[in-house]
Amino acid sequence: MFGIRIKLHFFTFIALSLCVLPLSAQNELVPLWKYAAGGELVSPPAVSKYGVYLYSEDRQVHAVSIDGKPQWKFRLSGRPADALAVGRDGTVYAGTSEGRLYAINRGGKQLWRYDAGSALSGPPAVSSDGTVFVGTAEGRLAALSHRGYVRWSIDTGKGISGSPVIDTGEAIYICDSEGTISSFTPWGTLLWEQSPEASSRGSVWTAAIDEHILYSAAGSRLSAIDHAGTVLWTADLTENCTGIVVYRDGLFCSLKSGTVGAWTKEGKKLWIGEGRGYFSYPVSGSRSFFLLDGSGLKSMDFYGRVIGSGNVEGIYLTQPVIGGGLLICGSRQWVACAFNISESEGPGWSQEGGGPGHSGTYGQGQWAFNEADYLKNLDYLYLREAIVNGDQDVRMEAVEEIGDRIEAGGTERGERYLLHLLYIALTDGSRRITVNRPAAANDYPAIRRKAAELIGKYGNFQSVELLTQVLAEEKHYDVSAAIISALGSLGTDYDNLSQWAIYNKVIDDNNGSAYDMLAGAAISAIAEINRYTGDLGSGYGYRALQTIYRGKYSAGTRKLAGEVLRSMR
């Protein structure tokens, strides 16, 4: 954290909306709004399309709307740590100095808590598929599902330095206390390690990712490493690097003396910026950089020229973060300031400095399954053959074995291909979605129900996409009910898909009491999705419940729909 610590005292929570222009004729950056928390901000803010989240010495997470209105506060059980992030679906993750990580929904309610066993190494990194990667100062790296299920947890043997860095589509990177960079697959298998030169051991690690290339600096050595662990180039800087962000034309670095500079993605110096005294980890927008010096906030163009500045009542600001068209930073006097910069985040995933590093929104491309990687894996081939070509008993045994393996935990369970095999089982032995085909006995509905149940228990955001596609074409009512239940188990209304798909199925199958199973699954799923998100529900969820309440279902089913409807008001 930057800035001087101030002791916590009683403070009135205030939110001020100031309707002013974001940039004056003198290139002054003017706050759009301010929010006063109950103590010094201990972590850079986190920003998503759902709001701005602040973590304060008063042990509370403060949620503020994008336009500066207070939303809710959530009190944690321990002292706050520099560990705050928000996922793509709006779930907020906040860690304490004792090593507890809390997941908080968009309504300010706790979803789950994970005890890491020791202090967190930095903010968790949240993948675009909802997986939360957590490192600890004692060297444990864990991957948690968005529902808090521990996918895997390993002891790296050395303390982890800073937040994990995610390359969506390839790997997770960490640096240990001795400067060794390690790359892991999304399911916890070590890919490679790079040991540092003696001169860079023990130096602060700074890193950013772009197009599957890791740009990393320890001490005064800047390097680029590809996803296979090959060092593409190294460049010696004149002094230690304190921050890296990727921008349109290359790499922007802050240096220990307080100056800044830019290098190409091939390691050649482009320029050294004006002035000194910059102390924050830089952040990049789509058109300019932002960082702090002794007089406040500065904006800089991609040629190193200062083009704007701003401060708040002459006081220093803490680490800036970009998201939702805003730049947010906090002051030593407990006040968060929002500047309307009308810029999106820059490319890449930065270890610090906000934007993708704290909002979890980078990496719209998902971790795709490549079957070619497993054609020599006898376990995968055995299970796939059983699911695709076995008789009903063999198929069911294979699906149940997958469930047992996932339940058992551990990093050797091959979760990536096990989840893929469940997708195959659900879609009747192939990756295609069946369209306009009448239900038949050889559709194996019992197996497909079991596959849907397991996907709902262990799936991710990608699973939501698949389940909604299958549900739209499904002909078996009991399989449809299982898929709807699975969407409820996953909880997230990722990209507003879940409740929309449930509503469409209820409308298609609103045929009366014979289908109470499907309606009952829809009611429970919508209630669980609303509990997870903390919202009153999308219009589609509300409309689905109204359809059931007014439909030709049993009195008990319609009564249950009415109760959930009332809870959403």
*With no solvent and one equal point scatterer placed on each C-alpha of the range 89-144, evaluate the Debye formula and give log10 I(q)/I(0) for q = 0.30 Å⁻¹, two decimals.*
-1.29
*What aspartates and glutamates could a cross-link reach from LYS505, if we take a straight Cα to Cα line under 19 Å and drop same-chain neighbours fewer than 8 places away?*
GLU453, GLU465, GLU473, GLU474, ASP478, ASP493, ASP495, ASP516, GLU528
*Could you please state, rounded to a whole Å, how far the C-alpha centre of the range 547-568 is from the C-alpha centre of the range 264-303?*
57
*On alpha-carbon atoms, Rg over Rh for the range 371-567 using Kirkwood Rh?*
1.00
*Find how much the distance from GLU197 to PHE369 grows on full extension, using 0.36 nm per residue of separation minus their present alpha carbon separation; answer in nm with one decimal.*
58.4 nm
*How far apart, in nm, are two points set 7 Å out from the Cα along the Cα-to-Cβ line at ILE507 and at GLU266?*
5.5
*Label-point separation (nm) for ARG75 and ARG113, each offset 7 Å from Cα along Cα-to-Cβ?*
1.3
_Reachable aspartates and glutamates, given that their alpha-carbon falls under 18 Å from the alpha-carbon of LYS256 and they are not under 8 places away in the same chain_ = ASP236, GLU239, GLU274, ASP293, GLU352
*Cα-Cα over 25 Å: which of LYS34/LYS298; LYS69/LYS457; LYS475/LYS552; LYS376/LYS475; LYS269/LYS298; LYS450/LYS559?*
LYS69/LYS457; LYS376/LYS475; LYS450/LYS559
*Please give, to one decimal in nm, the separation of the simple spin-label points placed at ASP379 and TYR149, each 7 Å out from Cα toward the Cβ.*
1.7
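Take the alpha carbon gyration tensor of the range 114-195, find the square roots of its eigenvalues, order them as a ≥ b ≥ c, and report rounded if a/c is under 1.5; if not, report prolate when a/b exceeds b/c, else oblate.
Numbers: a/c = 1.73, a/b = 1.18, b/c = 1.47.
It comes out oblate by the Cα gyration axes.
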*Can you find, among MET396, ALA527, LEU378, the residue farthest towards the positive end of the dipole of the range 371-567? Put +1 on the C-beta of Lys and Arg, -1 on that of Asp and Glu.*
ALA527
*Report, largest value first, the span of the C-alpha coordinates of the range 14-359 along each principal axis, in whole Å.*
52, 47, 28
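No value in this document is a laboratory result; all are computed from the given coordinates. Keep in mind that what you see is a predicted model, and the values were worked out from it rather than measured. Note that we place each Cβ from the backbone using ideal geometry, even for glycine, and neighbour counts take in every protein chain shown.
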